[in-house]
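The values are calculated or read from the model by the stated rules, or taken from the named source; none is laboratory data. Small disclaimer: the values here were computed from a predicted structure and weren't measured. So basically every Cβ, Gly included, is an ideal-geometry build from the backbone, and we count neighbours across all protein chains shown. Each accessible area value is taken on the protein alone, full model and side chains, heavy atoms only, with ligands, DNA and RNA left out. Shrake-Rupley method; radii C 1.70, N 1.55, O 1.52, S 1.80 Å.
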Amino acid sequence: MNEFKQWFLSQSPRDQMMLSAGGVAVLLYILIFMVLLPMQNDLERTKKSNIAALQEQEEVRQLAGQLLARQQAGQGAVAQNLTSLLNDSTREFGLTMENVQPSGNSARVRLGASDFNKVVAWLNEMENKHGLQINDVTITADRNPGVVQVNLQLTQGG
């Protein structure tokens, strides 16, 4: 380093001024093109990446809202379809449905005084033909022989 200093000091004042200005120019060039411009490019890339991520996030939110709306509409359709199935099938088997309470993909059903054999045949069809699962069942004997009162919960796809 001392050799460089000696060499620099041995130059004329005009050359020292030119060398100093050239050194400053080289340092500014290095600072601008090797440090600041790459940082600016990285900043631009990061901005573009963030904008793309925000757009994707907005798309996901919209799709999630659509999916939720479809699921809620689908649950209403499932409940309606289950209720229709229960109405049609109990009528077909000659059973009296006193109450039905649909809830999502399941329904709680109360059958009035019904023939036990018809109830068993109906439950068999609900489970084996229509794929309903019997979650909870209470069968109570009526005063008349072979006649029962039934409370049960059926679930679709369950």
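Please state the charge dipole magnitude for the stretch 102-158, taken about the Cα centre, from unit charges on C-beta atoms (+1 on K and R, -1 on D and E), reported in debye and rounded to the nearest 20.
About 100 debye.
Quickly rank 4-15, 91-102 as a protection proxy: mean count of other C-beta atoms within 10 Å, highest first.
Ranked from most to least packed, the peptides come out as 91-102, 4-15.
For the chain, give the magnitude of the charge dipole about the Cα centre (Cβ charges: +1 Lys/Arg, -1 Asp/Glu; no others), in debye to the nearest 20.
Dipole about the Cα centre, nearest 20: 300 debye.
Ignoring ligands, DNA and RNA, please state the percent of accessible area on the chain from carbon and sulfur, probe 1.4 Å.
Within the chain, the accessible surface is 56 percent carbon and sulfur.
Amide H of Asp142 versus every other amide H placed in the peptide plane: which residues, excluding those fewer than 5 positions away on the same chain, fall under 5 Å?
It is Val147, Val148, Gln149, by chain and number.
What accessible area per residue comes out for the chain, rounded to a whole number of Å², with a 1.4 Å probe?
On a per-residue basis, the chain sits at 73 Å².
Can you give the accessible area of Glu44, probe radius 1.4 Å, in Å² rounded to 10?
Its heavy atoms expose roughly 70 Å² to the probe.
Just going by the charge dipole of the stretch 22-137, with Lys and Arg at +1 and Asp and Glu at -1 on Cβ, which of Leu63, Ala52, Leu132 is farthest out on the positive end?
Result: Ala52, furthest along the dipole toward the positive end.
Taking 8 Å as the Cα distance limit and 6 or more residues as the minimum spacing, I'd like the relative contact order of the chain as a percentage.
It comes to 15 percent, rounded to a whole number.
Measure nothing but the geometry: give the 0 to 90° angle between the long axis through the Cα atoms of 37-93 and the longest principal axis through the Cα atoms of the chain, rounded to 10°.
Between the helix axis and the principal axis of the chain, the angle is about 0 degrees.
Round to the nearest 10 and give me the degree value, 0 to 90, for the angle of helix 116-128's Cα axis relative to the longest principal axis of the chain.
For 116-128 against the chain, the angle is about 20 degrees.
Of the listed values (1) 1.80; (2) 1.23; (3) 0.98, grab the one calculated as Rg/Rh (Cα atoms, Kirkwood Rh) from the structure here.
(1)
Looking at the stretch 110-158, which trypsin sites (Lys or Arg not before Pro) are DSSP coil and have at most 10 other C-beta atoms within 10 Å of their C-beta?
Hits after loop and neighbour filter: Lys129, Arg143.
Could you list which residues have their amide H under 5 Å from that of Ala113, counting only those 5 or more apart in sequence or on another chain, with H placed in the peptide plane?
Those qualifying (amide H under 5 Å, at least 5 residues apart or on another chain) number zero.
Relative to the longest principal Cα axis of the chain, at what angle does helix 13-30 sit, 0 to 90 degrees, rounded to 10?
10 degrees
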